[in-house]
Amino acid sequence: MAGGEAGARGLGQVSAEQVLAWDPDLIIATDPRFAAGARTDPVWSGLRAVRAGRVAVAPTVPDGWVDFPPSVNRLLGLLWLPVLLGARPAEGLAGRIAELHALLYHHRPDEAQLAPLLGAALPA
């Protein structure tokens, strides 16, 4: 886990200096404000991921898909992450998310509800 000790639980803490040293190809943000401001922030704008527009916002509806709380919501993340990482095509993702959401939460989100969620989750 980045920034954590082996066996540690929860979100790890890393410094800006460490992220700058890593210069990642992709950033998955949990805060949409970070993703929105990274391009103009003098600290983050030089990162490879930021310059390439590869800053994704992890979906949080109905709960976090990759972080908190640990629950069935992470199954939605298992559909999303392979698309984000380029291992699966984006076509059909919204339908798969809607189907799993309906199975887990007994509510099928429509296109209008999924569009803003997946838009920030799949950067260009």
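Data overview
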{"quantity": "Of residues in the range 54-79 being of a type in the set (Gly, Ala, Ser) and outside any loop (DSSP other than H, G, I, E, B), the one nearest to residue 34 (Cα to Cα)", "calculated": "56"}
{"quantity": "Where a residue in the range 95-112 is of a type in the set (Phe, Trp, Tyr) and its partner, wherever it lies, is surrounded by 14 or more Cβ atoms within 10 Å (Cβ to Cβ), with Cβ under 7 Å and at least six apart", "calculated": "105/62"}
{"quantity": "Flag if residue 80 is closer than 17 Å to residue 124 by Cβ, aromatic (Phe, Trp, Tyr) and surrounded by 13 or more Cβ atoms within 10 Å (Cβ to Cβ)", "calculated": "yes"}
{"quantity": "Complete set of residues in the range 80-94 that are among the aliphatic types (A, V, I, L, M), part of a helix (DSSP H, G or I) and touching a residue at least 40 places away in the same chain (Cβ under 8 Å)", "calculated": "84"}
{"quantity": "Per-region count, the range 33-72, residues more than 13 Å from the chain's Cα centre (by Cα) and closer than 30 Å to residue 103 by Cβ", "calculated": "5"}
{"quantity": "Qualifying residue in the range 1-17 (condition: modelled with pLDDT of 95 or more, part of a loop (DSSP other than H, G, I, E, B) and surrounded by fewer than 14 Cβ atoms within 10 Å (Cβ to Cβ))", "calculated": "no"}
{"quantity": "Of all residues making up the range 23-35, the number that are part of a helix (DSSP H, G or I) and loosely packed, with under 14 Cβ neighbours inside 10 Å", "calculated": "2"}
{"quantity": "Inter-residue pairs, beta-carbon under 9 Å, first under 23 Å from residue 64 (Cβ atoms) and in the range 31-44, second β-branched (Val, Ile, Thr) and in a helix (DSSP H, G or I), 6+ apart", "calculated": "38/50; 44/19; 44/50"}
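The values are calculated or read from the model by the stated rules, or taken from the named source; none is laboratory data. All values derive from a computational prediction rather than experimental measurement. All Cβ positions, glycine included, derive from the backbone under ideal geometry; neighbour counts span all protein chains shown.
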